Amino acid sequence: MGISIGDQLDDVGIEFVRETLVKIVRTPRVTGIEYMALPLLRDLMEPFSDIFKVDNWGNSEAVINPGGKPVVMFAAHIDQLGIIVKDITEDGFLKFEGVGWDPRVVYGMRVRLLTEKGEVKGIVNTLPPHIFKTYKELGEKKLEMRDLTIDVGASNKEEVESLGIKPGVYGVPDYDPCDLFGDYFTSPGLDDGAGVTTILVAQKKIWEHRDELDAEVHIVATIQEEIGLRGAEMMAYRIKPDIAVAVDATFARQPRLPEEFVIKAGKGPVISKGPIYHWEVVNTLEGVAREFKIPYQIEPDYRGRGTDTWAIQVARGGIKTGLVSIPLRNMHSPVEVINLRDVWWGGELLFRFVKRL
């Protein structure tokens with residue numbers, strides 16, 4: 001009879017996930033300024049590694065058991081959605097843009113602007129609903145990012161500039177992480193803070209059992225996933241692993257989603273099946289999940305999703321690649337929601353996977 005990992009999860013494991021995740025989501029790491037997370041990543045990764053290094057672009061890499069075979073890479077992207085200031089109006093409002101946002105989600109959002117002088121608080125302006133009754137064309141117009149502005153409380157352009165705000169300044173949603181009922185947790189940046197925490201859970205477990213390893217393991221926090229999987233492409237080329245597993249977020253069941261979305265938060269990490277996911281990797285992941293009774297879910301994905309897997313699979317002539325995902329509600333919003341147990345189970349799944357190789 002196999003060991004039931006699902007039954008072994010305790011408050012210590014949950015607290016490790018929570019503490020790690022809180023540190024990550026409180027650190028601004030917008031695509032383009034991931035370097036702001038480098039000191040934190042060093043603190044989290046270096047103690048559980050034989051080698052820790054950062055490349056020219058800010059991809060962080062921890063290596064365990066160098067010289068082992070096969071060479072395995074676990075990758076999750078450190079970058080989060082954010083905004084960048086484009087212009088300042090004469091009356092002191094900020095024009096901005098961002099990648100991956102639905103403007104209906106950004107509408108009314110609180111933001112922190114990351115200037116050289118320090119953080120500046122702001123809010124994305126909204127129109128009172130009363131206005132739409134008189135000016136119906138405003139209510140009927142499709143909301144676009146270019147229509148939105150940020151108010152920092154300034155009266156004119158000069159006051160904004162005195163705060164250190166100028167075109168090119170980045171910003172993040174201004175929302176604190178928060179525990180919900182049970183083991184649910186909400187914060188901006190869980191895509192892919194949850195994935196990074198998952199590979200860190202795996203790293204700690206692998207390090208503690210490194211004498212039992214055959215494989216050389218690379219734990220990698222990649223950059224610029226949100227604008228084209230760029231960090232994954234860099235790292236897959238340089239490391240050239242024999243096997244890789246990317247860890248990202250996937251859509252969890254929630255109100256208003258079509259019935260075809262069946263993945264549920266709190267029911268375990270998700271193993272993707274489809275053409276770009278190598279059958280040996282998928283079968284081994286599923287096999288160890290069954291053997292050790294780690295809760296898991298299967299997500300059929302015929303075309304392949306826009307995750308780091310997409311870039312890793314075709315690097316250097318082809319890499320055996322898989323995808324493990326953490327179920328996430330309200331994706332690409334300031335109120336993303338996960339279940340902390342899924343992260344712990346995901347880390348356990350990766351640990352058991354690499355021990356099997």
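Within segment 56-91, the set of residues being of a type outside the set (S, T, N, Q), under 20 Å from Val169 (Cα atoms) and buried (at least 20 other Cβ atoms within 10 Å of the Cβ) comprises Gly58, Ile78, Asp79, Leu81, Gly82, Ile83, Val85, Ile88.
I'd like the residue in segment 92-102 that is within 24 Å of Glu158 (Cβ to Cβ) and of a type outside the set (D, E, K, R) and, out of all such residues, is surrounded by the most Cβ atoms within 10 Å (Cβ to Cβ). Step through it out loud before you land on a result.
Here is the first cut: in segment 92-102, the ones within 24 Å of Glu158 (Cβ to Cβ) are 92-97.
Subsequent filtering for residues that are of a type outside the set (D, E, K, R) retains 92-94, 96.
Details: Gly92: 20, Phe93: 20, Leu94: 29, Phe96: 25.
Ranking the qualifying residues of segment 92-102, first place goes to Leu94.
Taken together, Ile24, Ile33 contain a single residue that is within 16 Å of the chain's Cα centre (by Cα), surrounded by fewer than 20 Cβ atoms within 10 Å (Cβ to Cβ) and either touching a residue at least 24 places away in the same chain (Cβ under 8 Å) or within 26 Å of Phe292 (Cα to Cα) (or both), which is Ile33.
Any idea which of Val343, Val354 is farther than 22 Å from Leu213 by Cβ, assigned to a helix (DSSP H, G or I) and out of contact with any Gly (no Cβ under 6 Å at 6 or more places or on another chain)? Walk me through it before giving the result.
Numbers: Val354 fails: farther than 22 Å from Leu213 by Cβ.
Of the residues listed, the single one that is farther than 22 Å from Leu213 by Cβ, assigned to a helix (DSSP H, G or I) and out of contact with any Gly (no Cβ under 6 Å at 6 or more places or on another chain) is Val343.
Scoring Thr186 on the criteria (1) assigned to a strand (DSSP E or B); (2) of a type in the set (Val, Ile, Thr); (3) buried (at least 21 other Cβ atoms within 10 Å of the Cβ) leaves a single failure, condition (3). Does Val106 count as in contact (Cβ under 8 Å) with a residue 24 or more places away in the chain, closer than 17 Å to Pro173 by Cα and either in contact with a helix residue (DSSP H, G or I) (Cβ under 8 Å, 6 or more places away or on another chain) or not assigned by TED's automatic domain parsing to the domain that holds Glu144 (or both)? Yes, satisfied. Residue check: Met145 meets all listed conditions (1) modelled with pLDDT under 95; (2) over 26 Å from the mean Cα position of the chain (by Cα); (3) of a type outside the set (Phe, Trp, Tyr) but one, namely (2).
What strands (runs of 3 or more DSSP E) lie completely within segment 228-305 and have 1 or more residues being of a type in the set (D, E, K, R) and surrounded by fewer than 22 Cβ atoms within 10 Å (Cβ to Cβ)?
270-273, 297-300
Would you mind finding the one in Tyr277, Tyr302 that is among the aromatic types (Phe, Trp, Tyr) and touching a Leu at 6+ places or on another chain (Cβ under 7 Å)?
Working: Tyr302 fails: touching a Leu at 6+ places or on another chain (Cβ under 7 Å).
When all the criteria are applied, what remains is Tyr277.
Here is a check on your reading of the model: is Glu158 without any contact (Cβ under 8 Å) to a residue 12 or more places away in the chain and not assigned by TED's automatic domain parsing to the domain that holds Ala232? Yes: the conditions hold for Glu158. In segment 311-340, the qualifying residues are those that are buried (at least 20 other Cβ atoms within 10 Å of the Cβ) and touching a Gly at 6+ places or on another chain (Cβ under 7 Å), and the one that is farthest from Glu286 (Cα to Cα) is Asn339.
The values are calculated or read from the model by the stated rules, or taken from the named source; none is laboratory data. None of the values given here were measured: they were computed from a predicted structure. All Cβ positions, even for glycine, are placed from backbone atoms using ideal geometry, and neighbour counts span all protein chains on display.
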